[in-house]
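Written below as structure tokens is the structure these notes are about.
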Amino acid sequence: MTSKVVIVLPSMLSKLTEGHRRIQVSASTLGEALEELKGLYGEPLAEKLFEPTGEPKRLLNFYVNGKNARLLGFLNAELRDGDEIAVIPGVSGG
């Protein structure tokens, strides 16, 4: 069953989503939600979110309702109506 969820993007990606940072999609898993987002905004956004292999970029962190999606089954994490997915760039440096 698909659910209506909101994906919250960092401001650096909003130029690829017509200025939108909160985007509602319908999906039953995190993977489906990201595919829906890719379908809405095309290759420019997909190149920032996904590796050429189709896997999400390793330097991006995904949270579902504040919980790290990697601990919830990552792309198979189940979603419910009203869930919020946050895409957060990793911090690096030294």
(request) All but one of (1) out of contact with any helix residue (DSSP H, G or I) (no Cβ under 7 Å at 6 or more places or on another chain); (2) hydrophobic (A, V, I, L, M, F, W, C); (3) surrounded by 14 or more Cβ atoms within 10 Å (Cβ to Cβ); (4) without any contact (Cβ under 8 Å) to a residue 40 or more places away in the chain hold for Leu59, so report the exception by its number. (result) (3)
(request) Within region 59-67, identify whether any single residue is in a helix (DSSP H, G or I) and on the phi < 0 side of the Ramachandran plot, and answer yes or no. (result) no
(request) Read through the list (1) over 14 Å from Leu9 (Cβ atoms); (2) modelled with pLDDT of 95 or more; (3) out of contact with any Pro (no Cβ under 9 Å at 6 or more places or on another chain), then give the number of the only condition that Tyr41 fails. (result) (1)
(message) Of the residues Ser26, Ser14, only one is hydroxyl-bearing (Ser, Thr, Tyr), at pLDDT below 95 and surrounded by fewer than 17 Cβ atoms within 10 Å (Cβ to Cβ); which?
(response) Ser14
(message) Contact list please: Cβ distance under 9 Å, first residue in region 2-16 and without any contact (Cβ under 8 Å) to a residue 12 or more places away in the chain, second residue among the charged types (D, E, K, R) and surrounded by 13 or more Cβ atoms within 10 Å (Cβ to Cβ), pairs at least six apart or on different chains.
(response) Ser11/Arg21; Ser14/Arg21
(request) Go through Leu34, Leu40 for me and flag whichever is under 17 Å from Ala86 (Cβ atoms), part of a helix (DSSP H, G or I) and either touching a residue at least 40 places away in the same chain (Cβ under 8 Å) or not basic (Lys, Arg) (or both). (result) Leu34
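The values are calculated or read from the model by the stated rules, or taken from the named source; none is laboratory data. Everything numeric in this text was worked out from a predicted model, so none of it was measured. Cβ coordinates were reconstructed from backbone atoms using ideal geometry, including for glycine residues, and neighbour counts include every protein chain displayed.
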